[in-house]
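Report on the following structure.
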Amino acid sequence: MDRSLKALSLILSYPTRELQAAMPEIGAVLASDTRLTAAARRALRPLVDDLRSRDIYELEEQFVMLFDRSRTLSLNLFEHVHGESRDRGGAMVSLLETYRTGGFEPATSELPDHLPVLLEFLSTRPVAEVQDTLADAAHILEALNTRLDRRESPYGAVFAALLQLSGAKADKEAVAELLEQPEHDPEDLEALDEVWEESEVLFGPDPNAGCPQVRDMLARMDTPITPAPVARPAAE
């Protein structure tokens, strides 16, 4: 099992108090991974510290404003490739079958292409498969890293770390094409609700299972934390 991919999957999940309690273990995993440069490990520290110590409501608001409010920062990878075209649905069905063939059944209502879900799956796969998959998404990871850096968000360090773990260089033209896409951030919560309603597509098992299960992921990281499952709330 790749404990760093598991740790990064958790860091990109919706913040909870259980996640906060686990941040010392998660931070230690990332700090000890010599596949990452010293600079990359240092860059992750501010985010680890934030998730450990900041007010949970501030963390929740920050997460929603970044990853839910802006489609250009979406953690659903196929959003950046297919948008709302029919090809996206077919790609997600294929990805879900890949998960099941690998003995992985996502216990979440998140879409199959949700990055934390993909990282949890990859944490169980051979190194070559991990690198190939992350390399295929390198241009998306680089574009997300750039956009988050522009916002001075510590989350950018996660995508820089994933690029290092991929061992690949992002195609500059593909990155530039993604970065040309304008930001379409809804101006209020009513507009945000409309975006969610338009884009809602459910795949996989129980559609009410909530966000990726912190308890199960932490258990497989061999940490002593055993938090209860927490359902991700809707926007308020």
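Since every read-out is calculated from the coordinates, none of them should be taken as a lab result. Values in this document were obtained by computation on a predicted structure and should not be read as measured data. All Cβ positions, glycine included, derive from the backbone under ideal geometry; neighbour counts span all protein chains shown.
Quick notes
- Rounded FRET efficiency, nearest 0.05, which uses the C-beta distance separating S70 from A21 and R0 of 25 Å: 0.30
- Label separation (E173 vs E97): 3.1 nm, computed from points 7 Å beyond Cα along the C-beta direction.
- Three-way shape label, region 1-139, alpha-carbon gyration tensor, a/c 1.5: oblate
- Förster-model FRET efficiency, 22 Å R0, Q131 and Q181, C-beta, rounded to 0.05: 0.25
- Per-residue 3J(HN,Hα) values for region 174-179, derived from phi via the Karplus relation 6.51 cos²θ - 1.76 cosθ + 1.60 with θ = phi - 60°, read 5, 5, 4, 5, 5, 6 Hz in sequence order (x marks Gly and Pro).
- Sorted ascending by nearby beta carbons within 10 Å, beginning with the fewest, V93, V117, V64 become V93, V64, V117.
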